Amino acid sequence: MVRKSAQDRRVEVLNETLNQIQLLGMSAVRVADVAEAAGVSASLIIYHFRTKENLIAEALILATERDLSTLGRVVRDADTPIARLLGALSWYAPTGEARGWQIWIDAWSAAMRDRALAKVLGQLQERWIDAVAELIGEGVAAGDFHTDDPVGAASRLTALLDGLAVRYLVEFARPSHDDIRRWLIRQMAGELGVDEDALAAPRRA
């Protein structure tokens with residue numbers, strides 16, 4: 001039997017932390033729950049992560065790293081700036097293929113009473129905004145988008161999808177897939193000076 005490395009075991013613990021957050025909720029999950037599910041001792045988790053708060057923060061960082069890596073693969077095959085940005089935001093949207101919205105909404109709620117967690121989430125959100133802003137900047141350079149504030153546009157576009165995710169997951173006045181796509185395209189058109197028809201059916205090079 002091959003012995004797992006410390007890094008492999010660490011990733012397993014972080015994966016199980018995400019699973020337990022999704023299953024039990026961030027405020028309810030305990031180090032003991034993660035330890036039992038991961039097949040390790042609670043003392044080992046405390047030794048490596050020191051506190052439950054650090055464990056959760058590291059798990060959220062891992063989730064973000066994975067999502068950003070997946071986002072890179074999503075946009076890699078698109079051959080125009082419009083197609084890349086629309087593909088990225090459609091994937092990011094609650095109706096797309098991105099996973100873990102339940103975890104992030106739970107984290108946002110917990111962060112209202114946990115300033116350390118709020119700081120971590122702010123840093124992770126900045127990474128998402130920067131990734132989207134980079135795609136917008138590429139479109140500006142190509143002459144497809146027209147904005148002098150790619151970061152601001154990225155912030156507002158992701159904020160729209162964040163808010164829609166809350167409504168979509170809790171099923172409060174839940175918008176349809178078509179509604180979300182239509183609202184996203186309308187917001188993109190306004191932010192980036194692009195005709196809605198070009199976004200609804202992005203051309204291929």
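The values are calculated or read from the model by the stated rules, or taken from the named source; none is laboratory data. This one's a predicted model, so the numbers in the text were calculated from it and none came from an experiment. When we count neighbours, we look across all protein chains shown, and the Cβ atoms used for this are built from the backbone with ideal geometry, even at glycine.
With 162, 197, 178 as the choices, which residue is out of contact with any helix residue (DSSP H, G or I) (no Cβ under 6 Å at 6 or more places or on another chain), more than 21 Å from residue 94 (Cβ to Cβ), not β-branched (Val, Ile, Thr) and not in a loop (DSSP other than H, G, I, E, B)?
After applying the criteria, what remains is 197.
Answer with yes or no whether residue 73 is under 19 Å from residue 58 (Cβ atoms) and out of contact with any helix residue (DSSP H, G or I) (no Cβ under 8 Å at 6 or more places or on another chain).
no
Can you pull out the residues in segment 45-75 that are more than 20 Å from residue 129 (Cβ to Cβ) and basic (Lys, Arg)?
Matches in segment 45-75: 50, 52.
Checking the condition of a type outside the set (S, T, N, Q) and under 30 Å from residue 146 (Cα atoms), which residue from 34, 74 passes?
Going through 34, 74 in turn, just one is of a type outside the set (S, T, N, Q) and under 30 Å from residue 146 (Cα atoms): 74.
Please go through (1) over 13 Å from the mean Cα position of the chain (by Cα); (2) part of a helix (DSSP H, G or I); (3) under 21 Å from residue 72 (Cβ atoms); (4) hydrophobic (A, V, I, L, M, F, W, C) for residue 124 and return the number of the only condition it doesn't satisfy.
(1)
Say we look at segment 8-40 and pick out the residues that are surrounded by fewer than 20 Cβ atoms within 10 Å (Cβ to Cβ) and assigned to a loop (DSSP other than H, G, I, E, B); which of these is modelled with the highest pLDDT?
Restricting to residues being surrounded by fewer than 20 Cβ atoms within 10 Å (Cβ to Cβ) and assigned to a loop (DSSP other than H, G, I, E, B), the top hit is 30.
Every residue in segment 138-170 that is at pLDDT 95 or above and of a type in the set (Phe, Trp, Tyr), please.
145
State whether the residues of segment 131-145 include one that is touching a residue at least 24 places away in the same chain (Cβ under 8 Å), touching a Gly at 6+ places or on another chain (Cβ under 9 Å) and in a loop (DSSP other than H, G, I, E, B).
Yes: segment 131-145 contains one or more residues that are touching a residue at least 24 places away in the same chain (Cβ under 8 Å), touching a Gly at 6+ places or on another chain (Cβ under 9 Å) and in a loop (DSSP other than H, G, I, E, B).
Give 43, 90, 5, 109 a once-over and let me know the one that is touching a residue at least 12 places away in the same chain (Cβ under 8 Å), surrounded by fewer than 17 Cβ atoms within 10 Å (Cβ to Cβ) and not basic (Lys, Arg).
109
Output the number of the condition that residue 44 fails; it satisfies all remaining conditions of (1) within 23 Å of the chain's Cα centre (by Cα); (2) among the hydrophobic types (A, V, I, L, M, F, W, C); (3) in a helix (DSSP H, G or I).
Of everything listed in (1) within 23 Å of the chain's Cα centre (by Cα); (2) among the hydrophobic types (A, V, I, L, M, F, W, C); (3) in a helix (DSSP H, G or I), residue 44 misses just condition (1).
For (1) aliphatic (A, V, I, L, M); (2) modelled with pLDDT under 95, each residue gets a yes or a no:
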position: 121; (1), (2): yes, no
position: 131; (1), (2): yes, no
position: 172; (1), (2): no, yes
position: 193; (1), (2): no, no
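Residues that are assigned to a helix (DSSP H, G or I), without any contact (Cβ under 8 Å) to a residue 24 or more places away in the chain and farther than 30 Å from residue 192 by Cα: does segment 54-75 have at least one?
yes
Based on what the data block shows, is residue 148 exposed (fewer than 15 other Cβ atoms within 10 Å of the Cβ) and out of contact with any Leu (no Cβ under 8 Å at 6 or more places or on another chain)?
For residue 148, the condition - exposed (fewer than 15 other Cβ atoms within 10 Å of the Cβ) and out of contact with any Leu (no Cβ under 8 Å at 6 or more places or on another chain) - is met.
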